[in-house]
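To keep things clear, I will list the structure first and then write my remarks on it.
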Amino acid sequence: MRMMMALIVLMTVAPALIAAPAKAQQPLSHIVEPGDTWSALSMRFGVEESRLKVLNPHFNASRQPVIGTTISLPGEASERSGRLIRDGNPGIIAVALENNVPLWSLARDNGLESPYRPTFFRPLIVPAEGTIRDLPPGVTTLEVSSSPALPGIALGIRGTSQQYTPDLSGHLDGLPLAFAAENNRFVGVVGTGAFFAGGEPELVIKSGDAPAWVQPWQFAEREWIYQELTLTGEAAQIDQEARDEERARLRELWGQITPEPLWQDQFVTPVATYLEVSAGYGARRSYNGGPYLTYHEGVDYSAYGGTPVTAPAAGQVVLAEPLYVRGGTVIIDHGLGIFTGYYHLSAIHAIAGQTVQPGDVLGEVGTTGLSTGNHLHWDLLINGIWVDAAVWQEQQMDCWLLEGLGRPCGTETPPG
Ligand SMILES: [Zn+2]
């Protein structure tokens, strides 16, 4: 009996004993997030930077690890917490005093033999809860909305800062982000059009006058549809000059950025009843056999003429009138550089300057302007760039951004 029990114990313990050393040898994989610079990863996992670069030879060593890509860490990597102090680091003695940490233990934690050696501009780790990340100065957490990112969608960043309403600005490969900040939270949003090159563009964030923080961001490929369209009759008569003129006028409107979100909830599809989505966003278009120089800038809902078109979210009407190419048009400013447009309307029931709430009637589905049948063309722009409104809804970017500012999103009433 005693022998049998010993055998059972041995059997249950033995596999774990054998498995453990093998597991420690395997490289670990890590998905790169904002602030995972070579220095931060080295300090966080206790691995030399040079070792990380040898393990990940396909990375351009002069660039930081790309957000959304997977890198390898050696099996012996073990994670520790802390807070990284980089730019303007006033030296280890000042850092120890400021953070109320014993000088010698701070030196030991940072792999220094003595604290009495200059450490200016060398990143230092001070004891703190949380993940070690190399973030823009003053920023304490930072996340991205999509990893990897995609062309033709809204991309957001959000986070927290030490400072109250931090002064942040930034861009993605030259496209400016619209920022909003409330209390110690901030959000930024940028639109990438359907022709955006993708690849690994750089996300740049500036905090006040501090040097820019830069990290590349991985984009995935997106499949696009190619459409050949033939324009006849009146539609064929609309010349490029008329299109350009109308677009230039709208560009001016789309460039007026209201610095905070005006919407309060998820965006609702602006037609409650429709027959089908007759054309999605981003389809490459060739007219009368020409090259594919344009893409479909919105989502088309085919619907019966007269179907009510309603506001998807709160905002302010900035245009409500018939236009030459777009026909009966209503455009709403939702704040933070986000505009939605409703085109080809047979009737307009909104006026410029009006504040709208979700569900307010803007007009009726029609086929005015350059249109071949009753449908609603719905578009969504961020900082003057068209993005896919359907993906915006799917991703719930509306709530992702509001929640980033600590605002509620959704119609749920709190319990009690
Ligand atoms: Zn359309």
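The values are calculated or read from the model by the stated rules, or taken from the named source; none is laboratory data. Being a predicted model, the structure only gives us computed values, none of them experimental. Cβ sites come from the backbone with ideal geometry, for glycine too, and all protein chains shown count toward neighbours.
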Checklist entry - Tally time: how many residues in region 361-383 are surrounded by fewer than 18 Cβ atoms within 10 Å (Cβ to Cβ) and more than 16 Å from the ligand (Cβ to nearest atom)? => result 1
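Might you check whether a residue that is at pLDDT 95 or above and either within 16 Å of the ligand (Cβ to nearest atom) or assigned to a helix (DSSP H, G or I) (or both) occurs anywhere in region 345-360? Break it down into steps so the answer makes sense when it comes.
Residues of region 345-360 that are at pLDDT 95 or above, as a first pass: 345-360.
Within this subset, residues satisfying the condition of being either within 16 Å of the ligand (Cβ to nearest atom) or assigned to a helix (DSSP H, G or I) (or both) are 345-346.
So far as region 345-360 goes, yes, one or more of its residues are at pLDDT 95 or above and either within 16 Å of the ligand (Cβ to nearest atom) or assigned to a helix (DSSP H, G or I) (or both).
Residue check: is TYR304 within 16 Å of the ligand (Cβ to nearest atom) and among the aromatic types (Phe, Trp, Tyr)? If you could, list the steps in order and put the result at the bottom.
On the way: within 16 Å of the ligand (Cβ to nearest atom): no; among the aromatic types (Phe, Trp, Tyr): yes.
Spelling it out, it is not the case that TYR304 is within 16 Å of the ligand (Cβ to nearest atom) and among the aromatic types (Phe, Trp, Tyr).
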Checklist entry - Using beta carbons and a limit of 6 Å, which pairs, at least six apart or on different chains, have the first residue in region 291-302 and farther than 14 Å from GLY280 by Cα and the second one more than 7 Å from the ligand (Cβ to nearest atom) and of a type in the set (S, T, N, Q)? => result TYR292/SER286
Checklist entry - Looking at this structure, is THR340 within 14 Å of the ligand (Cβ to nearest atom), hydroxyl-bearing (Ser, Thr, Tyr) and either touching a Lys or Arg at 6+ places or on another chain (Cβ under 7 Å) or under 18 Å from SER278 (Cβ atoms) (or both)? => result no
Item to check | Some residue of region 387-396 being within 16 Å of the ligand (Cβ to nearest atom), on the phi < 0 side of the Ramachandran plot and not in a helix (DSSP H, G or I) | outcome: yes
Checklist outcome for this item: The one condition ASN110 fails out of (1) surrounded by 15 or more Cβ atoms within 10 Å (Cβ to Cβ); (2) within 24 Å of ARG63 (Cβ to Cβ); (3) at pLDDT below 90; (4) not charged (D, E, K, R) is (2)
Checklist outcome for this item: Checking ALA194, ALA154 in turn, the sole residue that is closer than 22 Å to GLN395 by Cβ and touching a helix residue (DSSP H, G or I) at 6+ places or on another chain (Cβ under 8 Å) turns out to be ALA154
Checklist entry - Do any residues in region 146-163 that are in contact (Cβ under 8 Å) with a residue 60 or more places away in the chain and in a loop (DSSP other than H, G, I, E, B) have Cβ atoms under 7 Å from those of residues that are among the hydrophobic types (A, V, I, L, M, F, W, C) and surrounded by fewer than 20 Cβ atoms within 10 Å (Cβ to Cβ), where the two are at least six apart or on different chains, and which pairs are they? => result PRO148/ALA220; LEU150/ALA220
Checklist outcome for this item: Taking region 308-334 and keeping only residues that are more than 14 Å from the ligand (Cβ to nearest atom), closer than 20 Å to ALA272 by Cβ and touching a Phe, Trp or Tyr at 6+ places or on another chain (Cβ under 7 Å), one is left with PRO312, ALA313, ALA314, GLY315, VAL330, ILE332, HIS334
